[in-house]
């Protein structure tokens with residue numbers, strides 16, 4: 001694998017972990033990469049964020065995206081529950 005493709009893969013895996021919330025184990029299985037390698041890549045990216053404003057901005061965006069995705073999933077569950085509750089109570093009124 002070329003150095004460029006290798007770096008692109010590293011970035012993709014780190015992004016999937018930090019932004020999408022994918023587990024290191026699932027990424028290791030999917031991409032055939034050792035879990036320790038992925039852990040090291042994530043650690044290196046976090047260290048790079050300490051010295052590089054652009055990397056820190058990327059990390060902040062990834063963290064915010066993950067937070068918002070979790071919040072959206074929570075709100076969707078609550079919305080689904082409320083729909084079911086409304087349907088239940090509508091039946092009770094009839």
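List of remarks:
- Residue among 33, 14 that is surrounded by 13 or more Cβ atoms within 10 Å (Cβ to Cβ) and part of a loop (DSSP other than H, G, I, E, B): 33
- Members of region 19-30 that are within 13 Å of the chain's Cα centre (by Cα) and not in a loop (DSSP other than H, G, I, E, B): 24, 26, 27
- Check on residue 58, exposed (fewer than 12 other Cβ atoms within 10 Å of the Cβ) and under 15 Å from the mean Cα position of the chain (by Cα): no
The numbers here are math on the coordinates, done by the rules we state, and not lab data. What you see is a predicted model, and the numbers here were worked out from it, not measured in a lab. Counting neighbours? That spans all protein chains shown, and the Cβs are built from the backbone with ideal geometry, glycine included.
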